[in-house]
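A quick write-up on the structure given underneath.
The values are calculated or read from the model by the stated rules, or taken from the named source; none is laboratory data. All figures in this text were calculated on a predicted structure; none of them were measured in a lab. Here the Cβ positions follow ideal geometry from the backbone for every residue, glycine too, while neighbour counts run over all protein chains shown.
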């Protein structure tokens, strides 16, 4: 078979040996650019059509040929489509080195059409997977987030905003089951705030956030909203576009009613934060979502289920929907670092001072624990962050007190200037130790998230 490349042809497949299309009469091209043999159409969007092809220069290796065919009116719209197409080629050229982003092979113009050729990846997109296998459970959602988020991190690190994350643009590679992020056709370089022409919208209805659809702005947090909408779709089987058409963005506060199975409160709070209408209230980085998905989510059945499916009694569902979010913010080592250093130093200073003045170790330790816990848990952090802060500073304090005991000075407060200097040095050492523990923790977290 030979495929017609006229984008308006409704039946493009022709028998081998023909020179003109049996359906539309257009001249057939056996080898595009003398190299690419078009096998069949794969699909089409607003301004491009994609084809499965074989590369004659690579032993007929399969690839994807994308043809710019904008279905728009007006010179500005056509020019914009050409710019976006060229931008997609440039994005793939820079990002295609990542194993979960397709590689660009070629970009050229032939017979008044622009083409790009990219790596063909065997597999189904997540919309197809959803139709064939049904909605995702929480364990599968956790795998989804931890597999895709490092790709989003890599994209944002290259100062690129995808602007069209949705199930159709995420493919599960057949060879290893890894997720591949597709279609950078509307992606944009991140230079501060990304703006589109007034009156235009970029992205897909239901998946694109408010600022992207109504003011043409896009931030890294805009991609994270799209990720949240995609997560909702995979959990419920309900397209965000369908409810967005009826409710606008109000659905982001009532999304729980569409759940078919219970999920944990922790996952619900992550989705809540991803779907905030105000981009400033969302996660600001993909790394932050990745950290929460790794540390907060747990597949253990012992976790309390507080988000119910709509088959539960209506009164209970209403009560849950009226509960204000308990989540205070994403887990961020950078945010905790100053407080952790001050708390580690202050805690060590306090315990040594109590041991020197009170004398009795049990009374000193009890007073220290009471003051320390009070100071930790009045901070405006999440319970998880407070617990993390308590563990790190507790380890630091115990280590510093161990060192202090080896000085064989019973009372540093009565040892004059030497005792005071030792006390100051121990407090500084506590701060450095806290910083080291947090840094090592961050490195381990990144390594585990990337490779496991």
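Annotations
- For residue 271, the test of being part of a helix (DSSP H, G or I) and modelled with pLDDT of 95 or more is passed.
- Residue that is surrounded by 14 or more Cβ atoms within 10 Å (Cβ to Cβ), assigned to a helix (DSSP H, G or I) and in the same structural domain as residue 267 (by TED's automatic domain parsing), where the choices are 143, 88: 143
Every residue, every condition in (1) assigned by TED's automatic domain parsing to the domain that holds residue 130; (2) closer than 19 Å to residue 170 by Cβ; (3) in contact with a helix residue (DSSP H, G or I) (Cβ under 7 Å, 6 or more places away or on another chain), yes or no:
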| site | (1), (2), (3) |
| --- | --- |
| 235 | yes, yes, yes |
| 238 | yes, yes, yes |
| 241 | yes, yes, no |
| 249 | yes, no, yes |
| 255 | yes, no, yes |
| 258 | yes, no, yes |
| 261 | yes, no, no |
| 267 | yes, yes, yes |
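- Filter pass, residue 313 being at pLDDT below 70, more than 33 Å from the chain's Cα centre (by Cα) and either buried (at least 18 other Cβ atoms within 10 Å of the Cβ) or under 30 Å from residue 140 (Cβ atoms) (or both): yes
- Checking the stated criteria, residue 127 turns out to be modelled with pLDDT of 90 or more and part of a helix (DSSP H, G or I).
- Among the numbered conditions (1) under 28 Å from residue 107 (Cα atoms); (2) modelled with pLDDT under 90; (3) assigned to a helix (DSSP H, G or I), the only one that residue 202 does not meet is (3).
- Test: residue 99 is surrounded by fewer than 16 Cβ atoms within 10 Å (Cβ to Cβ) and out of contact with any strand residue (DSSP E or B) (no Cβ under 9 Å at 6 or more places or on another chain): no
- Scoring residue 117 on the criteria (1) modelled with pLDDT of 95 or more; (2) in contact with a strand residue (DSSP E or B) (Cβ under 6 Å, 6 or more places away or on another chain); (3) part of a helix (DSSP H, G or I) leaves a single failure, condition (3).
- Looking across the stretch 31-68, the residues that are part of a loop (DSSP other than H, G, I, E, B) and either within 17 Å of residue 112 (Cα to Cα) or in contact with a helix residue (DSSP H, G or I) (Cβ under 6 Å, 6 or more places away or on another chain) (or both) come down to 31, 33, 34, 35, 47.
- So residue 101, is it touching a helix residue (DSSP H, G or I) at 6+ places or on another chain (Cβ under 8 Å), assigned to a loop (DSSP other than H, G, I, E, B), more than 24 Å from residue 3 (Cβ to Cβ) and not assigned by TED's automatic domain parsing to the domain that holds residue 204: yes
- Which listed residue is touching a strand residue (DSSP E or B) at 6+ places or on another chain (Cβ under 6 Å), farther than 17 Å from residue 141 by Cα and assigned by TED's automatic domain parsing to the domain that holds residue 289, from 208, 218: 218
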